[in-house]
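Novice: Please read through the structure below; I'll follow up with questions.
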Amino acid sequence: MTRKAADCRDTPSVSGCSLYISGEEEEVVRAATEHAVSVHEHADTPELREEVRAGLKDALPGT
């Protein structure tokens with residue numbers, strides 16, 4: 001199974017966040033959504049989760 005990743009550096013933000021999350025797809029969607037809500041003050045909506053899922057990439061080797 002290919003590990004997936006979400007990288008805050010791919011989304012411009014005022015804070016310049018550099019968080020990189022990798023793991024199984026559902027783990028990454030859950031963790032990245034929680035991060036977007038708690039740090040970037042987004043609302044936890046199905047639309048946010050779909051945006052997170054759509055932005056996932058294959059994880060870098062060794063992550």
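The values are calculated or read from the model by the stated rules, or taken from the named source; none is laboratory data. Remember, predicted model here, so these are calculated numbers, not experimental data. So basically every Cβ, Gly included, is an ideal-geometry build from the backbone, and we count neighbours across all protein chains shown. Surface accessibility is based on the protein's heavy atoms, side chains included, excluding ligands, DNA and RNA. Shrake-Rupley method; radii C 1.70, N 1.55, O 1.52, S 1.80 Å.
Novice: How many of the residues making up the range 1-28 are within 9 Å of the chain's Cα centre (by Cα) and at pLDDT below 95? Outline the logic, then answer.
Specialist: Here is the first cut: in the range 1-28, the ones within 9 Å of the chain's Cα centre (by Cα) are 5-8, 19-22, 28.
Now narrow it down to the ones that are at pLDDT below 95: 8.
Matching residues across the range 1-28 total 1.
Yes/no matrix, rows are residues, columns are (1) without any contact (Cβ under 8 Å) to a residue 24 or more places away in the chain; (2) open to solvent by 80 Å² or more (accessible area, probe 1.4 Å); (3) not in a helix (DSSP H, G or I):
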{"position": "Ala5", "(1), (2), (3)": "no, no, yes"}
{"position": "Ser13", "(1), (2), (3)": "no, no, yes"}
{"position": "Cys17", "(1), (2), (3)": "yes, no, yes"}
{"position": "Arg30", "(1), (2), (3)": "yes, yes, no"}
{"position": "Thr33", "(1), (2), (3)": "yes, no, no"}
{"position": "His40", "(1), (2), (3)": "no, no, yes"}
{"position": "Asp44", "(1), (2), (3)": "yes, yes, yes"}
{"position": "Glu47", "(1), (2), (3)": "yes, yes, no"}
{"position": "Val52", "(1), (2), (3)": "no, no, no"}
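Novice: Answer yes or no as to whether Thr63 is modelled with pLDDT of 95 or more, open to solvent by less than 90 Å² (accessible area, probe 1.4 Å) and of a type in the set (S, T, N, Q).
Specialist: no
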